[in-house]
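Each reported figure results from applying straightforward, stated rules to the coordinates on display, with no laboratory input. This one's a predicted model, so the numbers in the text were calculated from it and none came from an experiment. Ideal geometry is used to build each Cβ from the backbone, glycine not excepted, and the neighbour counts take in all protein chains shown.
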Amino acid sequence: MNEVLERLYRIGIVPVVKLDDAKDAEPLAKALCDGGLKCAEVTFRTDAAEESIRKMTTAFPDMFVGAGTVLTTEQVDRAVNAGAKFIVSPGLNPKVVKYCVEKNIPITPGTANPSDVEQAIELGLDVVKFFPAEANGGLAMIKAMAAPYVNMKFMPTGGINAKNLCEYLDFKKIIACGGSWMVKDDLIKNGEFDKITAMTKEAVSLMLGFKIKHVGINFENEGAADETANVLSDLFGTEKKVGNSSIFVGPDFELMKKIGRGAHGHIAIQTNNVDRAVYHLEERGYKFDYSSALYTDDTKKNLKNIYLEGEYGGFAIHLASK
C-alpha cells in the first residue's frame, strides 16, 4: 500500500460526509478532529463538495481529507486542487482510475464482485472499496472474494455502523471502513456538532476496544514472586503458570521474578489493533518507546506490543494485541 492508504489503515474509520452548504465544512471538520478522527471523505454528490474540501483543508491542514463519489476526471482535478489527498468512487470507471494512476493520485474505486476486483488488479491497484457493503453480502462476501485475491485489500462502505464496525475491522484484508453514522445529514443541518464530536469519540473508542489485559507486579526475586502467586492463586481459585521471567496467576496477574519496567510494575492494555491505537494516541500527544516494540512477524509492520514512554502511578503501560 502507498503512504495514503497506509494512513487510512491506521485511522481505521473514514467518515463519509455529504455537505449541502460549505459553511458547515469548518465546524464539521472541527467536530471530527475533536472527536479523534482527523479524516473525512467529502462526497461530490452536492455542489458544495469542492468548496467544503477547500475550507476543511485550509482551516485544518493536518486533517486527512479525500473526495468521494468521484465520477469524472474533471471532478478528480477539482477535488485535488481543493486539497483532497485521496479519491473514492462508487464504482470502477477505468478511465477515472487510469487518470488517477497516471497522476499518482491514490484512488479507491468501488467494487461489488470478483470481475470488478480483477479489473482493479489489471489497473495496478491493491486496495478497493466494497460498495454497498451490507447490501452486497457484507463481510461474508468480502471474505469469499478475498480468498482468491490474496494481495487485494478492501475498504467497505455502505451499511457500516457501530454494531458491525469491529466485526469488519477484525478481518485482516480490510484496511478501513467508511461510515456516515456519526455525521448524519440531520445533525449537520441542525448544527449539532457537539453530538457529532461525541459520536465520533464513541466510534474511535469502540474501534480501539481498550481494556485491561493484566497487571504486572515487580518483585526482587523469584521466591517473593512465587509466594505472592501462591496467595493470589488460593485467594481467587485461579491457576498458577510459571514462566521464564514471570509467574502468571490466571490471566489477570503477572508476577515478575525481578524488577522490570515501572517502579511497581506494568499494566497491559488490550486493544483491537495496536497499530491503530498507537496512531490515535500519538495524534493526541502521547509518546511511545519504540525500542520496546514487538511485532507479529519479521516484516516489523504489524505491532503486537509496545510501551508508552514514562510511568503512571509507578506503573509502566504497554499496549497488547487481543
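Annotations
- Contact order, relative form, for segment 3-207: 23 percent (alpha carbon pairs under 8 Å, 6 or more residues apart, mean separation divided by residue count).
- Antiparallel bridge percentage (DSSP; both residues within the chain; nearest 5): 40 percent
- Proximal lysines to Lys257, defined as alpha-carbon separation beneath 16 angstrom and excluding residues fewer than eight positions away on the same chain: Lys240, Lys241
- Degrees separating the helix 274-283 axis from the principal Cα axis of the chain, which is the longest one: 70 degrees
- Angle between the chain longest axis and helix 49-59 axis [Cα atoms, degrees, rounded to 10]: 40 degrees
- For Phe130, residues with placed amide H under 5 Å, excluding near neighbours: Thr111, Met155, Thr157
- Derived scalar couplings ³J(HN,Hα) [segment 201-214; Karplus, 6.51 cos²θ - 1.76 cosθ + 1.60; whole Hz; x for Gly, Pro]: 4, 5, 5, 5, 4, 4, 4, 6, x, 5, 7, 5, 8, 6
- For Cys39, nonlocal amide neighbours, meaning residues 5 or more places apart or on other chains whose placed amide H falls under 5 Å from its own, are Phe64.
- DSSP beta bridges in segment 211-321 [antiparallel fraction, %, rounded to 5]: 70 percent
- The orientation-averaged projection of the convex hull spanning the C-alpha atoms of the chain amounts to 18.6 square nanometres.
- Remark on Gly179: its backbone amide H falls under 5 Å from those of Val14, Val16, a criterion applied only to residues 5 or more positions apart or on other chains, H modelled at 1.01 Å from N.
- Angle between the chain longest axis and helix 73-82 axis [Cα atoms, degrees, rounded to 10]: 60 degrees
- Pairs beyond 30 Å (Cα-Cα), from Lys184/Lys287; Lys211/Lys300; Lys38/Lys300; Lys98/Lys304; Lys143/Lys301: Lys184/Lys287; Lys98/Lys304
- Local charge for His280 was computed over the other residues whose Cβ lies under 14 Å away, with Lys and Arg +1 and Asp and Glu -1, and equals +1.
- Restricting segment 163-201 to trypsin sites (Lys or Arg not before Pro) that sit in a DSSP loop and have at most 12 other Cβ atoms within 10 Å of their own Cβ leaves Lys163, Lys172.
- The ranking of Val70, Val183 by Cβ neighbour count inside 10 Å, starting from the fewest, reads Val183, Val70.
- Measuring between their Cα centroids, segment 305-322 and segment 261-278 lie 4 Å from each other.
- A compact globular protein would have a Cα radius of gyration near 2.2 N^0.38 Å; the ratio found for segment 211-321 is 1.13.
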